[in-house]
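These notes concern the structure reproduced below.
The values are calculated or read from the model by the stated rules, or taken from the named source; none is laboratory data. Quick caveat, the model's predicted, so the values are computed rather than measured. Cβ sites come from the backbone with ideal geometry, for glycine too, and all protein chains shown count toward neighbours.
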Amino acid sequence: MEKNEIRAVIKYLCLKKMSSKDIHSDLVETLGDSAPPYSTVARWAKEFKLGRTSTEDEHREGRPSTSLTEDNVKKVEDVVLADRRVTIRHVAEVIGISYGSVQRILANELHMKKVSARWVPRMLTDEQKKNRVDISRVNLEKYQADQENFLFRFVTMDETWIHHFDPETKQQSMTWKRASSPTPKKFKVSSSAGKVMASVFWDAQGIIMVEYLEKGATITGSYYADQIRRLREAIKEKRRGKLRAGVLFHQDNAPAHKAAVAMAAIQETGFELLEHPPYSPDLAPSDFYLFPRLKERLRGKKFEDDSEVMAAVEAFWEGQDKEFFSKGILGLEKRWTKCIDLLGDYVEK
């Protein structure tokens, strides 16, 4: 549909006294990925409710804005939803607009912020908060009923992109100097285009299985289902007694993870699926613990190709003891508790 046609639909639904949220849901259900972002729907709904009749863009005097367009808002949203860990600078480079423009679109148009290195909605709905509290309470009760058994059975996973080069943070690049010495120059650098996606399956004892996505491939439900089957074999080989005790499997709600074929594979392997609320990287050990520590170690290092990246990742895993991994899983108890105390709001630390 053309922009004016979509605006006409918004206008019609406003006349039917529908809320901006319901109008957006209706458009998403009908148009799917072609639906405008919620911020656009809310803006036009407000205009129509204030008496506006035209669906045409108003003529603006002076220099036109070249960045804050519906097209760019949609592009930013698409890039972020494709990789929720992407940086603002990378989005700006991909789309070809300024860092500040991306920042404004994320904050003012898409209402998103970063939690545990992932882009999520800035404001959770009451229903989403309640869901986070309910699931945290169930999981916390399961954990506290038999902590030792929970830790033995628990397995979690997630995917992450690892760049051939990721620049150091400002804090990492700080150096000691005398008061009279000149301040070292730090040149602007950005993440490299070369990157590899790692699927990491781990538990309180360490890494169970890591797989790297081939160039040009995508993670689909079928691809992930095959990974689940390979995971079962890896557990059988590396974690004696875990299959017999019953694997308590944790994953996020990525489309490939929730696909029917993937869910069937989880059931087929006999894993018990631990529920995880949507938009909750703050409750996922890979997001709030494992990946940030891996990437902190790799920042500032340049790798020539994927094989060098993989070797560095494997070296990082091998350099950690069991206590390192168990600490990440044990962090769940505190975060579930805090999520309940915060009535479902994000757990920052």
**OP:** Determine whether segment 218-233 contains at least one residue that is touching a Gly at 6+ places or on another chain (Cβ under 6 Å) and among the hydrophobic types (A, V, I, L, M, F, W, C).
**Re:** no
**OP:** Hey, can you tell me all the residues within segment 189-243 that are out of contact with any strand residue (DSSP E or B) (no Cβ under 9 Å at 6 or more places or on another chain) and of a type in the set (Val, Ile, Thr)?
**Re:** 218, 220
Original post:
Of all residues in segment 185-212 being over 23 Å from residue 236 (Cα atoms) and at pLDDT 85 or above, which is surrounded by the fewest Cβ atoms within 10 Å (Cβ to Cβ)?
Top reply: 197
Original post:
Is it true that some residue in segment 276-294 is more than 21 Å from residue 230 (Cα to Cα), over 15 Å from the mean Cα position of the chain (by Cα) and assigned to a helix (DSSP H, G or I)?
Top reply: yes
**OP:** Could you tell me which numbered condition residue 20 fails, if it satisfies all but one of (1) among the hydroxyl-bearing types (Ser, Thr, Tyr); (2) in contact with a helix residue (DSSP H, G or I) (Cβ under 8 Å, 6 or more places away or on another chain); (3) modelled with pLDDT under 85?
**Re:** (3)
**OP:** Give the residues of segment 321-349 that are assigned to a loop (DSSP other than H, G, I, E, B) and exposed (fewer than 15 other Cβ atoms within 10 Å of the Cβ), sorted by residue number.
**Re:** 321, 343, 348, 349
**OP:** Please enumerate the residues belonging to segment 1-56 that are surrounded by fewer than 19 Cβ atoms within 10 Å (Cβ to Cβ), of a type in the set (A, V, I, L, M, F, W, C) and not in a helix (DSSP H, G or I).
**Re:** 1, 18, 50
